[in-house]
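One structure below.
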Amino acid sequence: MNINNPEARALISRMRVFLPILPIALLLIASCTANSPAVPDRATDALVSTKASAIVVESAVRDLLASDRVVPGELTLKVAEGVELKPILAQWNLFLIEYLDFIDFYHLGINEGVELPQTIASLREDPRVLVAEPVYRTYMAQLRVTPNDAYFTSGDQWYLENMDIPEAWVIEPGDPSVEPVPIVNDIVVAILDTGIDLTHADINIDSPINPGDNDKIFPGKDFVNGDSDPSDDNGHGTMIAGIIGARTDNGIGISSIGWNPRLIPVKVLDSEGVGNSVLTAKGINHAVLMFKDAQEKADPYDKSFWKFHNPFNARLIINMSYAYEVPNALGPSQTELSAVQNAINKGYILVAAAGDGARPLDNGSNSIYPASFPGVIAVGCTDQANALHPDSNTLPLSANPEIANFFVAPGVDILSTYPTTLSDGYAVGTGTSFSAACLSGVVSLIWAQFPFLTPAEVIQTLADGANADIVGTLGADHV
């Protein structure tokens with residue numbers, strides 16, 4: 001992946017405000033490249049993956065215009081070497097505002113009667129054009145968003161402050177006191193765990209899109225008991241769900257990192273927190289099928305049937321806050337690996353807990369999965385002082401931290417939602433399970449703001465924005 005063109009670098013720079021958060025040892029494990037979605041060569045094709053679909057580009061720009069996030073009637077353009085600008089201006093009814101010689105970009109205006117979304121979509125199809133994009137508005141907004149949730153206000157959610165999440169909320173979803181914030185967005189996070197308390201007041205909501213339906217929580221599945229009721233009889237899954245996507249700014253309980261993503265509850269662990277690789281493989285497949293079904297049901301002639309605000313911007317994250325050990329001589333579960341690869345190949349992001357064995361993911365004789373699967377983001381655990389928790393698993397010394405897909409995030413004394421049948425509705429937990437949930441929440445924020453980023457670009461954004469100086473040595477390392 002080449003992310004050195006101006007468009008990609010601008011996106012990465014904007015996202016850095018999200019992430020003085022995740023002390024890291026970075027990027028992709030071993031053969032990840034072979035299993036990752038293809039990324040355009042930006043040296044020759046500067047357009048993002050939406051180039052092939054004009055309707056996606058046009059819809060995205062139209063949404064940006066409606067929310068006043070781009071300048072109406074203006075765009076920036078980069079043409080291929082040797083291409084003259086004048087014929088392009090004449091063909092698309094544009095005029096030159098200025099030439100940005102230091103990056104070889106043209107700042108252009110569109111004449112009256114010309115629509116910006118259609119123009120950008122058409123220009124991206126023009127073989128003479130390398131980059132065509134709107135002029136994004138930038139705001140000196142307030143430094144942070146402060147939701148009214150009780151446990152956030154009391155300071156009990158320390159991990160949000162350590163990750164600078166209130167500052168990230170300024171960008172996504174935005175300040176609810178200044179502009180309307182959707183109750184749910186188009187990011188879906190599948191929780192492969194012990195289930196979710198489907199009646200929890202800080203998670204469950206009635207649909208603002210289809211009243212009577214719960215678009216916050218998708219229909220789930222209980223693979224442990226073989227039914228369609230993924231209720232949580234342990235508590236772990238509800239905690240994971242709360243960290244990622246509890247209702248935020250609703251005046252009660254906690255604030256979630258993702259603020260308003262949708263959730264798919266997939267019960268693959270029993271009341272003791274135990275499952276198996278067949279159940280998890282089926283759970284991953286269920287999440288993929290549920291997401292695809294909702295995305296593909298969009299009828300352009302009848303939006304009342306849309307599950308999403310904009311199905312073209314819908315994205316899926318699969319959170320796997322579980323871990324198991326496999327002898328290297330035997331090798332990883334091909335059953336679960338096949339399901340993981342299928343999801344990755346479809347362009348989804350999978351996040352897994354690194355485990356709490358105080359050991360490397362691969363200690364030479366045994367490896368921890370699913371965190372060690374190529375393409376999966378593995379997450380270790382830090383405490384309130386941003387120190388690595390002594391029980392957290394780490395990247396093996398044999399791995400190159402510069403190309404390993406390994407991060408660490410808060411996971412000690414994490415306050416979150418808990419089944420009301422087992423407690424007063426909230427509990428505190430420690431472990432890499434909660435660190436994985438923190439990272440999934442951050443990914444949901446990034447993708448909600450920039451749905452056109454590929455999974456590889458999202459991971460690069462995490463790496464660029466992470467603070468690699470907090471844990472371990474300067475820069476990327478094995479902790």
Stretched fully, the stretch from Ile252 through Glu272 gains (0.36 nm per residue minus C-alpha distance, one decimal, in nm) 4.3 nm
Of the candidates Leu96, Tyr151, Pro182, the farthest towards the positive dipole end of region 69-211 (Lys/Arg Cβ +1, Asp/Glu Cβ -1, centred on the Cα centre) is Leu96
In nanometres, the difference between 0.36 nm per residue of separation and the alpha-carbon distance of Asn93 and Asn225 is 41.3 nm
Of the accessible area of region 322-405, computed with a 1.4 Å probe and all protein chains kept, carbon and sulfur make up a percent value of 52
Magnitude of the Cβ-charge dipole (Lys and Arg +1, Asp and Glu -1) of region 225-307 about the Cα centre, nearest 20 debye, reported as 320
Treating only Lys and Arg (+1) and Asp and Glu (-1) as charged, each at its beta carbon, one finds that region 278-382 has a dipole about its Cα centre, in Debye to the nearest 20, of 220
Surrounding charge for Val178, neighbours by C-beta under 13 angstrom, Lys/Arg +1, Asp/Glu -1, total -3
In terms of the charge dipole of region 357-479, which places +1 on Lys and Arg and -1 on Asp and Glu at the beta carbon, the residue among Ser365, Pro455, Leu415 farthest towards the positive end is Ser365
Any lysines whose Cα falls less than 21 Å from that of Lys297, other than same-chain ones fewer than 8 residues away, would be Lys216, Lys221, Lys307, Lys346
Taking the dipole of region 147-276 about the Cα centre (Lys, Arg +1; Asp, Glu -1; charges at Cβ), the one of Gly251, Gly226, Val274 that reaches farthest to the positive side is Gly226
Judged on accessible area alone, 1.4 Å probe, highest first, Ile244, Ile171 line up as Ile171, Ile244
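The values are calculated or read from the model by the stated rules, or taken from the named source; none is laboratory data. Remember, predicted model here, so these are calculated numbers, not experimental data. For neighbour counting, all protein chains shown are included, and Cβ atoms are generated from backbone atoms with ideal geometry for every residue, glycine included. What goes into the accessible areas is simple: the full protein's heavy atoms, side chains included, and nothing from ligands, DNA or RNA. Shrake-Rupley method; radii C 1.70, N 1.55, O 1.52, S 1.80 Å.
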